[in-house]
Structures are given as C-alpha cells and as structure tokens.
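Engineer: One structure coming up, written as structure tokens, with questions to follow.
The values are calculated or read from the model by the stated rules, or taken from the named source; none is laboratory data. All values reported here derive from a predicted model rather than from experimental measurement. Note that we place each Cβ from the backbone using ideal geometry, even for glycine, and neighbour counts take in every protein chain shown.
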Ligand SMILES: [Zn+2]
C-alpha cells in the first residue's frame, strides 16, 4: 500500500511521524505456508532531502506457520528496525542507471508493500518453532519415550553411570 509523503515534499528536511498499515500475502517457504496477521505496521518518521526520501522506524508483524519440531501451530512475533532511502524520480525522465536495488518512487506516494515483505521475510528464523525449547522431536523418536526420556533429561550422564556400574558389578562377580 502507498504512503503519502506530500507533507515532506512541501517541507524539505523536516521529519514527519507516520504509522502505516500493510498487508503481507501468505508466503511459501520451503513448502511451508507462512501467514501474517493484519495489519503489518510500519511506524517511524520520514524526511525529504533533495530528491531523497528517508524512512526510519520499526516494522511490527505477527507471522504464523508450523513448528519444525512438533508440527503444531507456531507464532513468530516480528519487530525489526529499518532505515531506507527512496529516490524520487521525475515522471518524464526515464531512469538511466536502472539499479534494481535502488528504492524509488514517483509523485507524492511511496509503495511500501515490497519493503514490508522483504523486512519481514529476512527476520523470520530459519527454523520456526512453537516455543524456543519445543521438544516435539522427542515424541517422534522412540529412544526418547517414557522413562528413558525423563532419566536422560534429569541427568545426561545417567546412562554412562549405569554402564560403569554394570562394569563394576561384572568385576565383582
Ligand atoms: Zn513445537
């Protein structure tokens, strides 16, 4: 969606606060769907200086996907600061140095959809978990079921201790 920056164009070098609402469509990441609550909020200040518009602020979003470990629903809060510069291009003039990495706009409105998507996607963890210590994988691995799991988590050396004890018992016989 577009952010109206006409105020900044009328008053160069002055900073204007803004709150902008975006929508991010569901994304497919390695076959897993990630959805985003509405709205995705960009909040900060913009300032026009010459032909450059600077945007400073924070993007806040909530993403939903599936936990890598237990496959249950996982929620990821996203809070990422940003500092971006958009170059204002004249309608009549075709940009000569057409740099695809350079953010640009024409008129008095800036499209922030792509920026919001990029910021949110870069902030997603590689492995999405329902909670940091999700132990879902233990439920699927038979060696971690029941008592064995409790003992192993209580003392990771208990198995080793048991082995030593058995060894000693053997020697006593
Ligand atoms: Zn989980």
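Engineer: Exactly one of (1) at pLDDT below 95; (2) loosely packed, with under 12 Cβ neighbours inside 10 Å is unmet by residue 148. Its number?
Structural biologist: It is condition (2) that residue 148 fails.
Engineer: Let me ask you something else. If you check residue 135 against the conditions, is it under 30 Å from residue 11 (Cα atoms) and either modelled with pLDDT of 90 or more or within 16 Å of the ligand (Cβ to nearest atom) (or both)?
Structural biologist: Against the criterion (under 30 Å from residue 11 (Cα atoms) and either modelled with pLDDT of 90 or more or within 16 Å of the ligand (Cβ to nearest atom) (or both)), residue 135 does not qualify.
Engineer: Would you mind stating whether residue 76 is within 16 Å of the ligand (Cβ to nearest atom) and touching a residue at least 40 places away in the same chain (Cβ under 8 Å)? Give the derivation first.
Structural biologist: On the way: within 16 Å of the ligand (Cβ to nearest atom): yes; touching a residue at least 40 places away in the same chain (Cβ under 8 Å): yes.
It is true that residue 76 is within 16 Å of the ligand (Cβ to nearest atom) and touching a residue at least 40 places away in the same chain (Cβ under 8 Å).
Engineer: Of these, 84, 38, which one is assigned to a strand (DSSP E or B) and in the same structural domain as residue 118 (by TED's automatic domain parsing)?
Structural biologist: None of the others qualify; the one that does is 84.
Engineer: Do the conditions hold for residue 57, that is, is it over 18 Å from the mean Cα position of the chain (by Cα), assigned to a strand (DSSP E or B) and either free of Cβ contacts under 8 Å to residues at least 24 places away in the same chain or more than 16 Å from the ligand (Cβ to nearest atom) (or both)?
Structural biologist: Considered against the rule, which asks whether it is over 18 Å from the mean Cα position of the chain (by Cα), assigned to a strand (DSSP E or B) and either free of Cβ contacts under 8 Å to residues at least 24 places away in the same chain or more than 16 Å from the ligand (Cβ to nearest atom) (or both), residue 57 comes out as no.
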